[in-house]
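Asks: What follows is a single structure, and I will ask about it in a moment.
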Amino acid sequence: MTKVKDPRDELVEHLPAMRAFAMSLTRNSAAADDLVQDAVVKAWSNFDKFKTGTNLRAWLFTILRNTYYSLYRKRKREVEDPDGIMAGKLSEKPAHDGHLAMADFHVAFAKLSDEQREVLVLVGAEGFSYEDAADMCGCAVGTIKSRTNRARKRLAQLMQLDDDDDFEITDAATLAVVTGKPAA
């Protein structure tokens, strides 16, 4: 009685032919090596499905070919983005950071005087000019500029922000109030 060879032992014999087939598919030696490796891993983990006595080489080549086409289909759906530009457009800052910053802002804003809150809302959040805010408040333009400057400094102090701190917040109007840059 002849002993049947274990297909796991026979696998190594087929590696050069698998690599040649992978090279014909990928036309790249590194990609071919990766493809053969992926196919061997799949074959090894599925040897229980191989029927002893059938053509091992054909079974391995089928796995290699199917692996290649699966990767090919996957790559067609993917976008090459070596510089991360596309990923940067898709990424989103976690919402909880904005909520935490907004909560800090509300606490600090409530501690400002009525006049300071008023000018920050008019000039910062609503985007009125200093002249328009002065007309609405019935005072000089210089007074509005002074109040706005002192209010922003006090708000930054209450929120423990330095000039070089990156202040990101989800609400553009609030950001305009704190930084003095108009909401976009």
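Asks: Among 42/74; 51/74; 49/76; 89/153, which pairs are too far apart, with a Cα-Cα distance over 21 Å?
Replies: 51/74; 49/76; 89/153
Asks: Per residue, how big is the convex hull around the C-alpha atoms of region 26-138? Give it to me in cubic angstrom, could you?
Replies: 189
Asks: Relative to the present Cα-Cα distance, how much length would full extension add between residue 71 and residue 6 at 0.36 nm per residue of separation? Walk me through the intermediate numbers first.
Replies: Details: separation 65, 0.36 × 65 = 23.40 nm, distance 2.94 nm.
Going from the current span to full extension adds 20.5 nm.
Asks: Rounded to the nearest 20 Debye, what is the dipole magnitude of region 35-86 about its Cα centre when Lys and Arg each give +1 and Asp and Glu each give -1 at the C-beta?
Replies: With only Lys, Arg, Asp and Glu charged at Cβ, the dipole is about 420 debye.
Where a number appears in this text, it was derived from the coordinates with a stated rule and is not lab data. Being a predicted model, the structure only gives us computed values, none of them experimental. Cβ sites come from the backbone with ideal geometry, for glycine too, and all protein chains shown count toward neighbours.
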